[in-house]
Amino acid sequence: MPKKILNLNNFSGGLNEKTTPRDIGPNEFQRADNMNNEIPGKLTLFGESVNGPYTSDIGTGGNPLLTLNHGNGLYKVTLDRDVDDESIGPNQYLFINDSADKTVRIIDITNESSGSLATKTIVYGNNASMLDMYTLDGTTRIVPTYVSGGSNTNKPKVFEYYNYSRKLGTSSSESITSTAELYSTEDMFIAPLRNGSVTNYSYDPDTLHDTHTFRPNSSSEVYLYANPTVNSSDQITNFSNLTSDLANYAAVDGRNYSSGYGSMAIMAHFSDGTADADGGAILVSTGYRYGLFCSLVYKNQDGLSEQESYPTFIGVANQDIEQEGTHADKHQKLFINLVGRLGNKANRVAGFKVYWSRIKNFIHATTTVEAKGNVGAKYLLFEVDYEKGLRLAGKDTYSIFREMDVGSDVHQFLYPQDSWNGATDNTSSFSYLKGAAISELSVLEPYTGSKKNTSIGRQGTTFKTSVMINRRLYVGNVSYYDDLGNLITKNDRVLKSMPNKFDYFPSNSFLDVAVEDGDEIVHLATVGSKLLQFKKRKLFIVNCQRDLEFVEADLDFKGCEYSYHVVSGPGFVAWINRQGAYMYDGQRLYDLDISKSGQARFDSFYGKLGGSIVDAGFSESQIAYLPESKELIIVNPSGQILKYDMKSESWSEGKNFDKNADSSNVITRASDADLTNLVTTDSGQLFYAIERNGSSPNNTVRLRKWNNDPAAFTANGQVMLKTKEYDMESPSVNKSITTVYINYKRGENILIRGFATRDGSQVTDNLVSGSTLELSNTTSEFKTQKINVSNSVFKHVNAFGLELYADSSGTVHKDFAINDIQIVFREKVGR
């Protein structure tokens, strides 16, 4: 019979370990170690782990980072400015959790070939270990995971750039001005007005509080100055209590405008007496009171995305028409005034708003009983912007503040400048206060925010995972405060933020897909408007295209055990669990372990990743995405690597993740060293941090990255490639293998042998009898090596294949690559 040639020049099928060796695809292989088929028509070596751009141990002084939380604590963000000097960027950073100090440290990797440690840090509490970190509109949030038991000072934080000049409408040269340009850390909590309690906000914002709930000496930002003495000309002539209030509070910081606390007193009263006021159009009745409600305004770095705390009742405007049956309804004016101090507010707090509402059947509070009444709709009365000044509702312009001397203490006030009577600008003496006279209350700007206080942000509140869809933030596995002030932990609940208000989570704005099912939310992900809610056992796919979400799919055995078992890529989400690896593109779910023939490629995906081996198995494995090569990569501390090539839909395998033998890139570490989650930088590089051994202290942390370029590795006898067992499409006919041609380069320390089925038995032997064949081409050029197969065991075989294996010593060159293989054979005559 004439000779025939089998050409092997397509390796795109990748690894297939489950199908019998003779039945796998012609472009698949049984085994591979560090052989990558990502380049079409070629086999090359896997990459390696190398030092990242910041090569020092991470930490400060004598207290470096000691431990890592496996699969958590590293986050990449690109910001418009340098976090230390605020210079224009863009700048790329890695935020890394120092779990020993409960501090997030910031590494500048703008130049990915070098890096530096920023001086700014983010302190988030005292006993959290895991963090959820994310960036929305230039603001980075750091959310410590809830830790039960013990004292918990953990608070969700925001880190962002602020550039403001708090001058209340004055020129920047006046002493009232407080300026700042910096990156700083603030509480994420959209807090209402503070009061004198331990937490400064432990009250129900819906309650009609006693006027004295909010006072300067209780750290309240705003309060209502009750019962001012008003004369027949609607002038406040006696404000000794006011000066006492403000003087007491001013003493906190030596009455310095630009530092310390500050409080502003609102004065609100209707026209003096019980008669109609000339030009007044506001109905004043014994059956109603006009309540005042104050909210704090929070703005992000661009000053546009405004968030507002729930308006809190601070009191009612004074009126003389009070006695039912004696006083008739009249139309009067409302006089409002504002005096006080700006003080040192949180950088996020940009001002406050005061709303009015008619309260029917109002009953004043006592020292032991809260006020009562039926509160109507709330409308803006005025707002104070710490930069622009004061604006009355329905107006477009702002009035500036001026400095006036109240008693012996200097305070900031007042508005509006042209309605101030009794003194001129910047005077040090005056005889009375008379603020703006409002003839008609505006209803042009109703309060449209949440009717519930935000449930997330206070000390002890948290969530484990988050994702943004349609300008809402969805957070899962939550600890939050309910409407009754109870701290609630719900590991199967998703809370939703208000649209474009990413820190405001009303307690009644939640999504419960499955409750009390003994399964907790592990991770949230999104593709388009689809929310993927991963529990340990189940995956729920929720359509969030509209405000009313609905469940599209409820999939058993498609959940995941850890957040680091999920990765999001451009247009897809991929994940692993004990049953396999999966991908979802918004329309279809793919089982990546299933080949095109419909069969699994691994006996056990769980076992392939080490099974239950502690510190080296499935539980420690992590998944990431390599955007340049379009591959998924799964790694664990034992060195195991699985790569899924999304182009060819095939798998390959390596064994040397962060264990490379190249002395310039290796670090000394324990076999069970923890590593953070894997993050991808702007250039597509994969970064992580890993514990390493040191002399003092015992453990430090080093920043590392995965270099996907082929890398050398120490040869130790492992099988690098084992092909399919080829029956040459005639399994019943015996063949004689005559010649093997292999086209390759840099074949140092690589040996080749054959395996075959002969007379029903398996045999593995050298191609040349008694001679171990080593690939002889050690040049950087592709050359074809001809091997005459003289070993008789391959002369009468049903099927045949090749093994390439490493020598027991030496190094496999990084540039080793195989282009193609030809097997020359002669069929025997069938009998």
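About its Cα centre, the chain has a charge dipole of approximately 2460 debye under the convention of +1 per Lys or Arg Cβ and -1 per Asp or Glu Cβ, with nothing else charged. At q = 0.13, 0.20, 0.25 Å⁻¹, work out log10 I(q)/I(0) for segment 72-165 with the Debye formula, treating every Cα as an identical point scatterer and leaving solvent out; two decimals please. Log-scaled intensity ratios, in q order: -0.45, -0.95, -1.33.
For T784 and D807, what does the FRET efficiency come to when R0 = 25 Å and r is the distance between their Cβ atoms, rounded to the nearest 0.05? Mind showing how you got there, number by number?
Working: r = 21 Å, r/R0 = 0.86.
Efficiency at R0 = 25 Å is approximately 0.70.
Descending by average beta-carbon neighbour count within 10 Å, the peptides 442-455, 110-123 line up as 442-455, 110-123, the highest first. Packing, taken as the mean count of other beta carbons within 10 Å per residue, orders the peptides 67-79, 817-829, 329-341, 774-786 from highest to lowest as 329-341, 67-79, 817-829, 774-786.
Between the helical axis of 240-250 and the longest alpha-carbon principal axis of the chain there is an angle of about 30 degrees. Shown here are the Rg and Dmax of the Cα trace of segment 606-738, at 18.5, 68 Å.
Shown for T213, T312, T185: other C-beta atoms within 10 Å of each C-beta, ranked fewest to most, produce the order T185, T213, T312.
Name the shape class, rounded, prolate or oblate, that the alpha-carbon gyration tensor gives for segment 717-831, where a ≥ b ≥ c are the square roots of its eigenvalues, rounded holds for a/c under 1.5, and otherwise prolate holds if a/b is larger than b/c and oblate otherwise. Could you put the intermediate results ahead of the total?
Working: a/c = 2.32, a/b = 1.90, b/c = 1.22.
Prolate, because a/c is 1.5 or more and a/b exceeds b/c.
Residue ranges 10-16, 162-168 sort as 10-16, 162-168 when ordered by packing (mean number of other C-beta atoms within 10 Å per residue, highest first).
Classify segment 511-572: rounded, prolate or oblate, from the alpha-carbon gyration tensor (a ≥ b ≥ c, eigenvalue square roots; a/c under 1.5 rounded; otherwise prolate if a/b is larger than b/c)? Intermediate values should be presented prior to the final figure.
Working: a/c = 2.03, a/b = 1.10, b/c = 1.85.
Note, shape of segment 511-572 comes out oblate.
Based on the Cβ-Cβ distance from V369 to I88, what FRET efficiency comes out when R0 is 41 Å, to the nearest 0.05? Walk me through the numbers on the way to the answer.
Details: r = 57 Å, r/R0 = 1.39.
My answer for the efficiency is 0.10.
Taking other residues whose beta carbon is less than 12 angstrom from the beta carbon of D82, and scoring Lys, Arg as +1 and Asp, Glu as -1, yields -4. Length gained on full extension, S568 to S732, computed as 0.36 nm times the residue gap minus the Cα-Cα distance: 54.2 nm.
Can you give the net charge of the other residues whose Cβ lies under 14 Å from the Cβ of S12, counting K and R as +1 and D and E as -1?
The answer is +1.
Between L589 and S113, take the C-beta separation as r, use R0 = 25 Å, and let me know the FRET efficiency to the nearest 0.05. List each step's numbers first, then the result.
Details: r = 39 Å, r/R0 = 1.58.
Efficiency, from the Cβ-Cβ distance: 0.05.
Of the labelled figures (1) 14, 36, 26, 15, 8, 2, 0; (2) 10, 18, 19, 15, 12, 9, 5, 7, 5, 1; (3) 14, 42, 33, 10, 1, 0, only one reflects P(r) over Cα pairs in 20 Å bins from 0, in percent as derived from the coordinates, namely (1).
Between segment 610-658 and segment 759-786, the C-alpha centres lie 30 angstrom from each other. How large is the helix-only mean residue ellipticity at 222 nm for the chain, computed as the sum of -39500 (n - 2.57) over DSSP H runs with n ≥ 4, divided by its residue count, in deg cm²/dmol to the nearest 500? Only helices count here, giving -500 deg cm²/dmol.
Only the coordinates and a few stated rules stand behind these numbers; no lab work does. Fair warning: this is a prediction, and the values are worked out from it, not measured in the lab. Ideal geometry is used to build each Cβ from the backbone, glycine not excepted, and the neighbour counts take in all protein chains shown.
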